[in-house]
Amino acid sequence: MEPARLKLYAYLDAREHQRTYLAIMRLFTSTLLADLSAGEVAGALAGAEREGRVDHGESRIENVINRLKQLVEWGNLVQGRREVVASSIAEFQHGSVRYQVSKLAVRVQRDVDELLRVPEGAREVARELLPAGERGLGQLGRTLSEALLTGGRGPREALAEQVTTLFLQHAELAATVRDFYAYLGQVVTRHHLAADEISGFRDLLVEYIQRVVEDVLRHTPAIAAALAGLAGARPELLRLLGASGLGERVERARGRSAEDWRELTDWFVDRPGRPSQVTALRDATARAIGSLLASVKRATSGGGLLPGRRAELLKLAAWFDGGTREQAHELYAAAFGLYGARHLSPAPEHDRDDERTPWAAGPAVDVPVSVRSRSDRSARGRTSRILDDPMTEQSLLAEARHADERRAASVAELAAAAPRLAEAELSGEALGVLCELLTLAMAQRDSAVDPGSAADPVRGLRVTVEHVAGRAAVIRSTAGTLTLHDSTLVLD
């Protein structure tokens with residue numbers, strides 16, 4: 001299934017006719033229920049051809065049919081037929097075959113257009129959605145109580161409206177946070193920053209990020225408490241939202257499954273072994289501030305790499321971009337001291353861009369720090385030799401085999417002791433494996449009363465822990481005794 005879906009992106013990186021495929025997909029996704037023939041697509045491409053948005057000749061009907069068939073093969077379009085009145089066989093063939101866009105292809109094209117509209121700068125974090133989400137959870141709790149008491153249609157519809165609004169708000173908040181910190185990680189990891197960039201990023205980190213983190217930390221306790229209050233009534237909430245009536249394979253709105261609510265809770269609340277996104281946001285902010293301080297220290301220290309040559313390299317790149325072909329050759333020879341050469345040896349194998357790709361659209365070359373800072377291309381040090389050490393290799397393999405054998409023996413001991421776990425005395429290594437699986441099982445629980453389970457990925461031993469008030473699970477071993485209060489433990 002996955003390879004077939006990934007083929008939906010093939011037209012975006014097609015070797016030829018990429019602009020034509022993009023224009024066709026925009027035509028099909030520009031209106032609802034688009035049902036077009038090859039002739040109608042050709043007529044629309046004629047205008048794009050006159051404006052230079054597609055190559056010359058791409059609006060010819062035979063070329064359009066080939067492009068449409070290729071999109072059908074990739075899964076972006078589907079074929080259909082309808083009755084037409086035609087004056088010739090060719091007109092009937094061109095008009096009777098209709099094309100519609102598939103559901104997944106609409107999503108792909110929508111994401112592509114959105115990506116092309118995104119500016120290069122930072123994205124503003126939608127901080128105002130935090131208090132809105134807090135208020136929405138409070139209203140949701142009251143509406144749920146009313147719906148459970150009355151069972152009327154009005155409270156149920158209001159409940160569905162509030163759940164959908166809550167998850168849409170959270171999705172927008174999470175997307176803006178991810179985009180902002182992705183941009184932040186892109187810029188603060190640069191080795192060389194100009195003085196004005198350092199000043200701008202300092203204001204960005206000290207002022208803007210501080211406000212973002214403060215808002216998140218201020219509203220997180222109330223949101224976490226509201227989610228904890230709804231955890232017990234979550235099954236009733238999902239029951240009231242009910243099915244959509246469109247079948248089992250329908251893609252429902254967010255908030256209609258327990259997994260959606262678990263993801264929402266994990267964004268704000270830490271769980272054992274799974275820190276929340278709020279914790280990750282706080283850690284990412286600390287790392288960003290540390291990277292900025294390192295850049296400032298490197299820029300202001302006397303032994304740093306400044307003055308750099310970044311401005312000169314950017315100026316040279318602008319000359320290349322604005323010059324003609326002949327001027328580019330002259331600049332290249334004058335800047336780097338290299339001239340054209342004639343090679344009599346066979347051409348190297350093609351493994352990068354082709355001769356039709358402009359240099360600006362080709363792969364980017366990573367400029368070493370020594371070149372962009374000191375214009376120094378000399379090699380630093382000697383490449384280390386790769387030593388072949390068969391004795392160390394065999395000893396490491398023996399250690400790995402021994403560790404695997406010990407874990408297999410521990411799992412086998414646990415499996416043998418499963419029917420009489422309360423009376424058995426486990427070894428220290430078996431207790432360690434049990435504690436490891438028990439930690440993973442505990443991490444699956446939203447609250448202390450929920451069940452949790454985890455399994456060994458290689459040997460399949462499963463540990464299940466359930467809440468039972470008044471009972472205690474006692475596991476004895478040579479390393480000590482483990483007691484789980486108000487719980488039962490099952491190994492299978």
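The values are calculated or read from the model by the stated rules, or taken from the named source; none is laboratory data. Bear in mind the structure is a predicted one, so any value in this text is a computation, not a measurement. Neighbour counts run over all protein chains shown; Cβ positions are idealised from the backbone, glycine included. Areas reflect the complete protein model, heavy atoms only, side chains present, ligands, DNA and RNA absent. Shrake-Rupley method; radii C 1.70, N 1.55, O 1.52, S 1.80 Å.
For the range 423-451, residues that are outside any helix (DSSP H, G or I) and either at pLDDT 85 or above or of a type in the set (Asp, Glu) (or both) total 8. Scanning the range 472-492 for residues that are in contact with a Leu (Cβ under 9 Å, 6 or more places away or on another chain), assigned to a strand (DSSP E or B) and of a type in the set (D, E, K, R) gives a single hit, Arg476.
Yes/no matrix, rows are residues, columns are (1) closer than 19 Å to Glu263 by Cα; (2) at pLDDT 80 or above; (3) surrounded by fewer than 20 Cβ atoms within 10 Å (Cβ to Cβ):
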| residue | (1), (2), (3) |
| --- | --- |
| Pro119 | no, yes, yes |
| Val125 | no, yes, no |
| Glu128 | no, yes, yes |
| Glu157 | no, yes, yes |
| Glu161 | no, yes, yes |
| Leu173 | yes, yes, no |
| Val187 | no, no, yes |
| His191 | no, no, yes |
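Filtered by the rule that a residue be open to solvent by less than 50 Å² (accessible area, probe 1.4 Å) and among the acidic types (Asp, Glu), the range 37-79 gives Glu49, Glu58.
Counting just the residues of the range 1-30 that are open to solvent by less than 80 Å² (accessible area, probe 1.4 Å) and not in a helix (DSSP H, G or I), which one comes out nearest to Ala105 (Cα to Cα)? Per the criteria, the residue is Ala14. Listed conditions (1) under 30 Å from Val188 (Cβ atoms); (2) assigned to a helix (DSSP H, G or I) are all met by Glu124, apart from (2).
Working carefully through the options Asp389, Asp404, find the one that is surrounded by fewer than 16 Cβ atoms within 10 Å (Cβ to Cβ), modelled with pLDDT under 85 and acidic (Asp, Glu). Talk me through it step by step, then tell me what you get.
On the way: Asp404 fails: modelled with pLDDT under 85.
Matching residue, one of Asp389, Asp404: Asp389.
What tally of residues in the range 416-429 results from selecting those that are open to solvent by less than 80 Å² (accessible area, probe 1.4 Å) and within 20 Å of Ser487 (Cα to Cα)?
Taking the range 416-429 first, the residues open to solvent by less than 80 Å² (accessible area, probe 1.4 Å) are 416-418, 421-422, 424, 426-428.
Right, trim to within 20 Å of Ser487 (Cα to Cα) and you get 417-418, 421-422, 424, 426.
Matching residues across the range 416-429 total 6.
The set of residues in the range 443-454 being in contact with a Gly (Cβ under 6 Å, 6 or more places away or on another chain) and surrounded by 14 or more Cβ atoms within 10 Å (Cβ to Cβ) consists of Gln444, Arg445.
Looking at the structure I just gave you, is Val463 buried (at least 16 other Cβ atoms within 10 Å of the Cβ) and not in a helix (DSSP H, G or I)?
Working: buried (at least 16 other Cβ atoms within 10 Å of the Cβ): yes; not in a helix (DSSP H, G or I): yes.
Yes, satisfied.
Being open to solvent by less than 30 Å² (accessible area, probe 1.4 Å) and without any contact (Cβ under 8 Å) to a residue 12 or more places away in the chain is the filter here, so list the residues in the range 130-155 that pass it. Passing the criteria: only Gly152.
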